[in-house]
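Peer 1: Shown below is the structure under consideration.
The values are calculated or read from the model by the stated rules, or taken from the named source; none is laboratory data. Worth saying up front: this structure is predicted, and the values here are computed from it rather than measured. Every residue, glycine among them, receives a Cβ derived from its backbone with ideal geometry; neighbour counts consider all protein chains shown. Calculation scope for accessible area: heavy atoms of the full protein, side chains included, ligands and nucleic acids excluded. Shrake-Rupley method; radii C 1.70, N 1.55, O 1.52, S 1.80 Å.
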Amino acid sequence: MAKLDWYVRANLKFRHLQLLVALDDFRNMGKVAALLNVTQPALSKTLAELQSGLGVKLFERTGRGLRPTDYATVLIRHARRMLQELAEAGDELHAVATGTARRMRIGTQPASASWLLPQALARMKREAPDASIFVREGTMDLLLTELRMGNLDALVGTLPPRRENSDLEEKALFDDATGLVVRHGHPLTQQRAPGWADVARYPWVLPPPESLLRQPLLVAFSANGVEPPTNYIETLSLNVSLQYLQASDAVATLPVTVAKRLESSGLIQMLPLRLSRLMRPVGVMWLRAQAPVSSLRLLTTALEQAAEELLS
């Protein structure tokens with residue numbers, strides 16, 4: 001055990017912390033290599049060096065991916081905390097050096113970025129004009145890893161499934177149903193009551209596999225007795241989806257709150273075929289171990305006010 005203690009004190013590096021957290025989140029070497037922008041052999045070498053230096057096995061291969069050992073579980077818990085504290089130290093140093101407020105780093109899903117977050121940010125800037133705010137769009141799995149690595153302070157979007165002993169705190173803002181949308185003049189808009197068999201015949205815009213909506217949507221196809229579409233594109237980009245709808249007869253899914261706003265602008269038309277609530281509420285989340293800061297409280301309040309106003 002002396003070797004373990006010595007290696008942690010003398011040789012554990014920042015890249016080791018990032019590797020541990022990313023492997024715990026994704027349980028897949030290929031995905032982690034892409035996230036950290038390194039080759040998979042280089043990643044395997046780093047993990048092998050870390051395990052050799054510690055003298056213990058950190059991950060085991062299973063049929064469902066990598067599984068952390070008891071040693072890794074301990075290291076991962078502390079790695080998350082250290083990454084968060086290092087990120088906060090960097091922000092505070094920047095604030096001291098520039099004389100500005102601490103930067104607020106927010107991750108968001110594209111649908112939330114289209115209306116809810118911009119309205120909340122406008123409120124925040126009215127309250128704190130000098131506040132520095134950075135926004136990153138992405139899928140929830142990538143954003144969660146960035147949050148746990150200390151690169152983001154909060155996430156805004158559809159809340160992911162709850163996990164036991166989660167390291168996250170969350171605040172739900174509102175429930176949002178999922179709607180089906182097409183371009184104006186689409187053949188389906190001429191039908192009185194299109195069904196699942198009707199929409200399945202057309203091209204689709206599907207969320208990518210790592211999106212929270214992908215699996216529930218495929219389940220919905222099956223539950224309604226039709227095969228999932230084989231003619232589709234995959235994207236989370238709202239702009240790409242809208243442009244593709246205009247150029248084709250494709251069908252897409254959108255949160256109803258977003259779809260209604262776009263329909264009122266004449267950009268799309270909603271179909272009368274509604275999906276059951278496939279997702280958890282839209283909300284904001286942050287790391288439980290993170291000390292509450294005024295910028296996080298300001299963001300949460302602004303999101304609550306924006307949601308209440310835009311949904312009224």
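Peer 1: Would you be able to say whether some residue in region 165-177 is open to solvent by less than 10 Å² (accessible area, probe 1.4 Å) and out of contact with any strand residue (DSSP E or B) (no Cβ under 7 Å at 6 or more places or on another chain)?
Peer 2: Here is the first cut: in region 165-177, the ones open to solvent by less than 10 Å² (accessible area, probe 1.4 Å) are none.
No, there is no match, as no residue in region 165-177 is open to solvent by less than 10 Å² (accessible area, probe 1.4 Å) and out of contact with any strand residue (DSSP E or B) (no Cβ under 7 Å at 6 or more places or on another chain).
Peer 1: Would you check if there is a residue in region 244-251 being closer than 21 Å to Gly157 by Cβ and open to solvent by less than 80 Å² (accessible area, probe 1.4 Å)?
Peer 2: no
Peer 1: Another one. So if I check each of Leu238, Leu310, Leu212, which one is surrounded by 13 or more Cβ atoms within 10 Å (Cβ to Cβ) and in contact with a strand residue (DSSP E or B) (Cβ under 7 Å, 6 or more places away or on another chain)?
Peer 2: Leu212
Peer 1: Residue under question is Leu217, and the condition is that it be within 27 Å of Val21 (Cα to Cα) and of a type outside the set (Asp, Glu); does it hold?
Peer 2: Criteria not met by Leu217.
Peer 1: Out of curiosity, is Leu147 open to solvent by less than 10 Å² (accessible area, probe 1.4 Å) and in a helix (DSSP H, G or I)?
Peer 2: Taking the combined requirement at face value, the residue satisfies it.
Peer 1: Now for a different question. If you go through region 176-184 one residue at a time, do you hit one that is modelled with pLDDT of 90 or more, in a loop (DSSP other than H, G, I, E, B) and over 24 Å from the mean Cα position of the chain (by Cα)?
Peer 2: yes
Residue-wise test of (1) modelled with pLDDT of 90 or more; (2) in contact with a Pro (Cβ under 7 Å, 6 or more places away or on another chain); (3) of a type in the set (Val, Ile, Thr).
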{"residue": "His186", "(1), (2), (3)": "yes, no, no"}
{"residue": "Arg201", "(1), (2), (3)": "yes, no, no"}
{"residue": "Tyr232", "(1), (2), (3)": "yes, yes, no"}
{"residue": "Ser241", "(1), (2), (3)": "yes, no, no"}
{"residue": "Gln246", "(1), (2), (3)": "yes, no, no"}
{"residue": "Ala252", "(1), (2), (3)": "yes, no, no"}
{"residue": "Thr257", "(1), (2), (3)": "no, no, yes"}
{"residue": "Arg261", "(1), (2), (3)": "no, no, no"}
{"residue": "Gln269", "(1), (2), (3)": "yes, no, no"}
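Peer 1: Next question. With region 202-297 as the region, which strands (runs of 3 or more DSSP E) entirely inside it contain at least 1 residues that are without any contact (Cβ under 8 Å) to a residue 60 or more places away in the chain and among the charged types (D, E, K, R)?
Peer 2: 232-234
Peer 1: Next question. Would you mind telling me which numbered condition in (1) part of a helix (DSSP H, G or I); (2) touching a helix residue (DSSP H, G or I) at 6+ places or on another chain (Cβ under 6 Å); (3) among the acidic types (Asp, Glu) Asp198 fails?
Peer 2: Unmet condition: (2).
Peer 1: Just to be sure I understand, how many residues within region 73-109 are within 24 Å of Asn165 (Cβ to Cβ), of a type in the set (Val, Ile, Thr) and either buried (at least 18 other Cβ atoms within 10 Å of the Cβ) or at pLDDT below 75 (or both)?
Peer 2: So the answer is 1.
Peer 1: For residues that are open to solvent by 20 Å² or more (accessible area, probe 1.4 Å) and more than 19 Å from the chain's Cα centre (by Cα), scanning just region 271-281, find the one that is modelled with the highest pLDDT.
Peer 2: Going through the qualifying residues, I end up with Pro272.
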